[in-house]
Amino acid sequence: MNSTPSAPSPFKIYHFEEISVGMREVLLKTVMNEDVIGFATLSGDHNPIHLSDHFARKTRFGERIAHGLYTASLISAVLGMRLPGPGAVYLSQTLNFRGPVRIGDVVSISVEVIETIEKGHRVRLACECSVEGKVVLDGEALVMVPTREQSRSPKTMAEFS
């Protein structure tokens with residue numbers, strides 16, 4: 001019998017009961033030219049600081065930079081795929097933009113549970129994006145996380161409250 005090892009799951013699923021203060025996840029993402037162009041197309045933000053080498057060279061950054069909200073969207077990837085994972089629903093996010101992200105930069109996206117709130121099964125997380133150890137974005141997210149029981153039977157968002 002020939003058995004092949006299964007690939008690791010691209011996501012983790014935590015239920016509210018399994019989450020505790022101090023849990024942390026980190027994702028590394030290299031920002032590619034295609035990411036910036038794709039985000040511009042998706043968002044409609046065609047600011048030349050993101051898309052034009054000629055324009056960007058004349059700015060204080062000296063080169064093209066990624067959209068701030070592209071960097072912020074990487075937080076969503078961690079929340080939706082790793083901590084808390086699939087089933088988590090964003091309720092709010094604060095963002096503080098601290099520095100530029102350039103094409104080719106490796107962004108370290110970190111989220112850490114700083115509070116669990118029994119009522120409504122909410123989790124508050126500190127969020128931080130850094131490049132070469134320098135924080136380029138930080139803030140907090142509040143997400144609603146299903147319980148084990150809620151995961152067994154689909155419900156509307158209002159029923160989680």
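Against the condition farther than 20 Å from E17 by Cβ, exposed (fewer than 13 other Cβ atoms within 10 Å of the Cβ) and of a type outside the set (A, V, I, L, M), how does G68 come out, does it pass?
No: the conditions fail for G68.
Do you know which residues across region 131-146 are assigned to a strand (DSSP E or B) and surrounded by 14 or more Cβ atoms within 10 Å (Cβ to Cβ)? Working first, answer last.
Residues of region 131-146 that are assigned to a strand (DSSP E or B), as a first pass: 131, 134-144.
Those that are assigned to a strand (DSSP E or B) and surrounded by 14 or more Cβ atoms within 10 Å (Cβ to Cβ): V131, V135, V136, L137, D138, G139, E140, A141, L142, V143, M144.
Scan region 115-130 for residues that are buried (at least 16 other Cβ atoms within 10 Å of the Cβ) and within 18 Å of the chain's Cα centre (by Cα) and report the count.
Summing the residues that are buried (at least 16 other Cβ atoms within 10 Å of the Cβ) and within 18 Å of the chain's Cα centre (by Cα) in region 115-130 gives 8.
Restricting the first residue to region 14-39 and requiring it to be more than 17 Å from R122 (Cβ to Cβ), which pairs with a second residue that is part of a helix (DSSP H, G or I) meet a Cβ separation below 6 Å and a spacing of at least six or different chains?
Listed pairs, sorted by first residue: E25/V78; L27/V78; K29/L74; V36/H50; F39/Y70.
Within the set of pairs 6+ apart or on separate chains, which have a first residue in region 57-81 that is among the basic types (K, R), a second that is assigned to a loop (DSSP other than H, G, I, E, B) and surrounded by 13 or more Cβ atoms within 10 Å (Cβ to Cβ), and C-beta atoms under 8 Å apart?
What qualifies is R57/E63; R64/S52; R64/I103.
Of all residues in region 9-23, count the ones that are touching a strand residue (DSSP E or B) at 6+ places or on another chain (Cβ under 6 Å) and surrounded by 14 or more Cβ atoms within 10 Å (Cβ to Cβ).
Residues in region 9-23 being touching a strand residue (DSSP E or B) at 6+ places or on another chain (Cβ under 6 Å) and surrounded by 14 or more Cβ atoms within 10 Å (Cβ to Cβ): 2 in total.
Does S76 satisfy the condition of being under 20 Å from the mean Cα position of the chain (by Cα) and either surrounded by 13 or more Cβ atoms within 10 Å (Cβ to Cβ) or within 30 Å of T116 (Cα to Cα) (or both)?
On the way: under 20 Å from the mean Cα position of the chain (by Cα): yes; either surrounded by 13 or more Cβ atoms within 10 Å (Cβ to Cβ) or within 30 Å of T116 (Cα to Cα) (or both): yes.
Yes.
L95 - would you say it is closer than 23 Å to V131 by Cα, surrounded by fewer than 13 Cβ atoms within 10 Å (Cβ to Cβ) and in contact (Cβ under 8 Å) with a residue 24 or more places away in the chain?
Numbers: closer than 23 Å to V131 by Cα: yes; surrounded by fewer than 13 Cβ atoms within 10 Å (Cβ to Cβ): no; in contact (Cβ under 8 Å) with a residue 24 or more places away in the chain: yes.
For L95, the condition - closer than 23 Å to V131 by Cα, surrounded by fewer than 13 Cβ atoms within 10 Å (Cβ to Cβ) and in contact (Cβ under 8 Å) with a residue 24 or more places away in the chain - is not met.
All of the numbers you see were taken from the coordinates with simple rules; none came from a lab. Just so it is clear, the model here is predicted, and its values are computed rather than measured. Neighbour counts run over all protein chains shown; Cβ positions are idealised from the backbone, glycine included.
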